[in-house]
Amino acid sequence: MMRPSTFSRTICASCSNHSRLFSTTVRLGSQQKNDATPASPPEAGYARLTNRGLISITGVDSTTFLQGLITQNMLISNDPNRATRRTGSYTAFLNSQGRILNDAFLYPLPQAELASPDEPAWLIEVDKNEVTSLMKHLKKHKLRAKLKLRALEDGERTVWASWKDHEQPRWAAYNLESPTSSPFSLSSLIAGCIDTRAPGFGSRLITPGAEDLRAHIPDESQIAGSEASLGAYTVRRMLHGIAEGQSEIIRESALPLECNMDMMKGIDFRKGCYVGQELTIRTHHTGVVRKRILPVQLYTGDQSALASGNEPVYDPTVELPLPPSGMNISKISTRRSRSTGKFLGGVGNIGLALCRLEMMTDITLTGEGTQYNPEQEFKVSWTAAEEGLSDPREPGEVKLRAFVPSWTRDFILNGGVKNNARSREAEDGHRARELLEQLEEEESLRQKE
């Protein structure tokens, strides 16, 4: 089983002595900057995701309606009865050209809130700024389907991310298709799922109202640590190489496989037709994914001063000018060279970028050789009036170095979904059985008490 590597929380003494060589403290002035640079994320905690919005879909046709629009399967895989899934999942809405409109999480509405067991209901979690545009997309495809769409108001429900580094959540079995898989009682108003975008990344939860998560789940074995800021969650997400929202997964431009959605279990390649399926399936079966989103280290000095390791190091004391989202990455050389990727977003001295693997990393995809040179440096430059920028800013330049997370490297080198599916399913099944046995044992002990 692929396991996440331990992320560095501090900088070693040697690197600290050289920190000024690859970082600068800059007064950003009119440049985009958070009110405060977030602290490093705690090893265990939870965060209120105020940047995410929710849409409710209810009605007898809601399941078949979503089945034709999203990359995830609304039915239980390999079930001859084609039963509707009862678990949440990561997914995406695509346009007809196979480009991403919205990355999303999909949750079945808690059973306690269902008007009728024969009338399914779902919650869609998306970028809060994209709720209006996704509603338009859904209404455009609704036609005569018997369902109701509604954007939830602020405070009606709250989206949470919960994690405990390097430990599988107690309710990991919640992603199993079993009536006993949910950690919540039938009367609970909580929805949730395992966040499958990176191994051990944590859980996603939806609670009613705006109260603290502890008010709903006080059990330390389920929710560990204390509440962290949205910024700390963002740092943790970027260290794991996970893009989120349309400021990073650029609307109608990004491709699902380039955004690692195949690796993140956000695509079911065996389901039936859906909007944007053709290009996605063709790329999966016949193409080579030459670009993928990776975490990057930002710096301004000599790359030899960068801390060694397999992942970027976040330093909240470092302030660097952040490039605008979508800016081209290029080699540092005396002559003009082709783009090697695009910068997507960042916090402090880390970020995310869509990288050409054989140019910016040591990954080899074909037998044609690689253009990678470990001594080669890359940069992002921008001017005050860069064409197409939605947020013009002062001119600047920053260097970056891409990192390949261990699970991403394993996934690519082992052939991706096609070659890993059987072994992963067998491994997941074994792990799930163990977790179910653990849950049943704990429940039995509680009843005896």
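Just to verify a number: FRET efficiency for residue 129 and residue 285, C-beta to C-beta distance, R0 = 35 Å, to 0.05? Display every interim value, and only then the final one.
Numbers: r = 34 Å, r/R0 = 0.97.
Using R0 = 35 Å, I get an efficiency of 0.55.
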Worksheet item: Accessible surface of residue 278 in the full protein assembly, 1.4 angstrom probe, to the nearest 10 Å²?
Response: 130 Å²
Item to complete: For each pair in 140/265; 128/291; 164/265; 148/291, compute the distance between the two Cα atoms and list the pairs where it is over 30 Å.
Response: 148/291
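Quick check for me: using +1 on Lys/Arg Cβ and -1 on Asp/Glu Cβ, what's the dipole size of segment 281-385 about its Cα centre, in debye to the nearest 20?
660 debye
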Worksheet item: Any idea how far the Cα center of segment 285-317 sits from the one of segment 188-219, in Å?
Response: 30 Å
Discussion item. At 7 Å along Cα-to-Cβ for each site, give me the label-to-label distance between residue 196 and residue 76 in nm.
Written reply: 1.5 nm
Worksheet item: Hey, what do the phi angles of segment 236-247 turn into as Karplus ³J(HN,Hα) couplings, whole Hz, using 6.51/-1.76/1.60 and θ = phi - 60°, x for Gly and Pro?
Response: 4, 4, 5, 5, 8, x, 9, 8, 8, x, 7, 6
Worksheet, complete the sentence: Full extension between residue 60 and residue 366 adds, at 0.36 nm per residue less the Cα distance, a length in nm of 105.4 nm
Worksheet entry | Burial order of peptide ranges 294-304, 235-245 (average beta-carbon count within 10 Å, highest first) | 235-245, 294-304
Fill in: FRET efficiency, residue 302 to residue 414 (Cβ-Cβ, R0 35 Å, nearest 0.05)
0.50
Fill in: Note, ³J(HN,Hα) from phi for segment 251-261, Karplus 6.51, -1.76, 1.60, rounded to Hz, x at Gly and Pro
4, 6, 10, 6, 9, x, 6, 5, 8, 6, 5
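Just the Kirkwood number for segment 32-132, please: inverse of mean 1/r across all distinct Cα pairs, in Å, one decimal.
Numbers: mean 1/r = 0.0632 Å⁻¹.
Computed over Cα pairs of segment 32-132, the Kirkwood hydrodynamic radius comes out at 15.8 Å.
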Practice prompt. Would you list which lysines come within 17 Å of residue 271, measuring only between C-alpha atoms, while excluding same-chain residues fewer than 8 positions from it?
Written response: 418
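What's the FRET efficiency of residue 336 with residue 253 using the Cβ-Cβ distance as r and R₀ = 25 Å, to the nearest 0.05? Before the final figure, lay out each step's value.
Details: r = 23 Å, r/R0 = 0.93.
Computed FRET efficiency for residue 336 and residue 253: 0.60.
The values are calculated or read from the model by the stated rules, or taken from the named source; none is laboratory data. Keep in mind that what you see is a predicted model, and the values were worked out from it rather than measured. With ideal geometry, Cβ positions are generated from the backbone for all residues, glycine too; neighbour counts draw on all protein chains shown. Surface accessibility is based on the protein's heavy atoms, side chains included, excluding ligands, DNA and RNA. Shrake-Rupley method; radii C 1.70, N 1.55, O 1.52, S 1.80 Å.
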